[in-house]
Amino acid sequence: MSTQVTLGEFEQLVLLAILRLGDNAYGVTIRHEITKRTNREATPGALYTTLDRLEDKGMLRSTMGDPTPERGGRAKRYFEVTGAGMKAITQSQKNYQQMRKGLRLPGLSNA
Amino acid sequence: MRFDKLSIAAWILSLATDPARATTTVGDFAEDSSNHERTWFWRQIAHTLGAHILHDFTQAPIRLLLGATAALISSIAAYYAAVISYTQFLMVYLTVVPSTSDGPAPGEIPLAITYIVTVHVAFGVGMARLSRHPLPLWVAWSILCTLLWLAYSVTGGRLATYPIQSSLLILLGVVWQRRLSLKAA
């Protein structure tokens, strides 16, 4: 069996949200994207520790934007998924698909 | 550095995460706070601070324990270095008359307290400079001190009571160092 980087459920949600948001992925938009799509409130504490952890693992890269007045002159920290992050999320999603194959779950199409 | 709400919040968060990350996180909360009630901002700061401390405890417990042990040993060494340097050199240099059986000489206690407080604050500054996230380290160190104190309280060991007394002074040094590093960021 090959060694795989495993991702938790919330880590996957964060990576997918960043991929969806493209160039506009920073703390506020990531949190709103997760809440909007999953109908689940992403607590900031969990979100920021997850972002830090994924960046420390090399799955995310962050860059600083320009400071804006509505943020009290604080810069935005924009995130993008790295090659390692893309590989990990792809593998995790493949694993889910493999596990789902042939199962009939209520409210889900049998993809 | 202005002491407005955002600067204080960034300062608090920078005790448990990198200063640059702390300032951007506070910026996110400031941007989002207009959609929430008044206490929301500070609740998020408290929650995020707690999450960062817990994160360090769960992600690298051995590293944190080793760091706390090293800090504990160093703090005891700093205490004795302070006492020895005070009694052997500083008292002689300032010609302070040592205490007698009648009680301490005038001026001796304030001078000794000032000197030892300075050493501890300086130790806290050093601890914060060496550690990326000083608050989780300080929490681990305080837990270790408490356990040591509980273990030694029956015998009344001086070694165990000392670190507990000095932990707040060291925290003061940690907080001060982070204020300076945030100012530089």
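The residues of region B:8-40 that are within 9 Å of chain A (Cβ to nearest Cβ) and among the polar types (S, T, N, Q), listed by number, are B:T17, B:T23, B:T24, B:T25, B:S34.
Is there a residue being more than 27 Å from B:R132 (Cβ to Cβ) and hydroxyl-bearing (S, T, Y) anywhere in region A:41-63? Within region A:41-63, not a single residue is more than 27 Å from B:R132 (Cβ to Cβ) and hydroxyl-bearing (S, T, Y). Only residues that are modelled with pLDDT of 85 or more and facing another protein chain (nearest Cβ under 10 Å): list them for region B:54-73, please. B:L54, B:H55, B:D56, B:T58 - these are the residues of region B:54-73 that are modelled with pLDDT of 85 or more and facing another protein chain (nearest Cβ under 10 Å).
The residue of region A:36-56 that is surrounded by the fewest Cβ atoms within 10 Å (Cβ to Cβ), among those that are more than 11 Å from chain B (Cβ to nearest Cβ) and not in a helix (DSSP H, G or I), is A:N39. Take the conditions (1) away from chain B (no Cβ under 12 Å); (2) in contact with a strand residue (DSSP E or B) (Cβ under 8 Å, 6 or more places away or on another chain); (3) of a type in the set (D, E); (4) under 25 Å from B:H47 (Cβ atoms); A:D23 misses just one of them, which is (4). Starting from residues that are hydrophobic (A, V, I, L, M, F, W, C) and facing another protein chain (nearest Cβ under 10 Å), keep the ones in region B:41-52 and report whichever is surrounded by the fewest Cβ atoms within 10 Å (Cβ to Cβ). Out of the qualifying residues, it is B:A46. For region B:116-152, a residue qualifies if it is surrounded by fewer than 16 Cβ atoms within 10 Å (Cβ to Cβ) and in a helix (DSSP H, G or I), and the qualifying residues are B:V117, B:T118, B:R129, B:L130, B:I143, B:T146, B:L147, B:L150, B:A151, B:Y152.
Quick one: would you say A:M99 is more than 14 Å from chain B (Cβ to nearest Cβ), of a type outside the set (D, E, K, R) and in contact with a Gly (Cβ under 8 Å, 6 or more places away or on another chain)? Here the answer is no, as A:M99 does not meet what is asked. For region A:57-111, the tally of residues that are of a type outside the set (A, V, I, L, M, F, W, C), assigned to a loop (DSSP other than H, G, I, E, B) and more than 15 Å from the chain's Cα centre (by Cα) stands at 15.
Considering region A:71-85, the residues that are of a type in the set (A, V, I, L, M, F, W, C) and in contact (Cβ under 8 Å) with a residue 12 or more places away in the chain include one that is nearest to the other protein chains (Cβ to nearest Cβ), namely A:F79. Restricting attention to region A:1-60 and to residues that are acidic (D, E) and touching a residue at least 40 places away in the same chain (Cβ under 8 Å), the residue that is farthest from B:A51 (Cα to Cα) turns out to be A:D23. Residues of region B:39-54 that are without any contact (Cβ under 8 Å) to a residue 12 or more places away in the chain and either in contact with a helix residue (DSSP H, G or I) (Cβ under 9 Å, 6 or more places away or on another chain) or not in a helix (DSSP H, G or I) (or both): B:T39, B:W40, B:A46, B:H47, B:G50, B:A51, B:L54.
Just so you know, in region A:57-70 the residues that are over 17 Å from A:R31 (Cβ atoms) and at pLDDT 90 or above include one that is nearest to the other protein chains (Cβ to nearest Cβ), and it is A:M64.
The values are calculated or read from the model by the stated rules, or taken from the named source; none is laboratory data. Quick caveat, the model's predicted, so the values are computed rather than measured. Cβ atoms come from the backbone with ideal geometry, glycine included; neighbour counts cover every protein chain shown.
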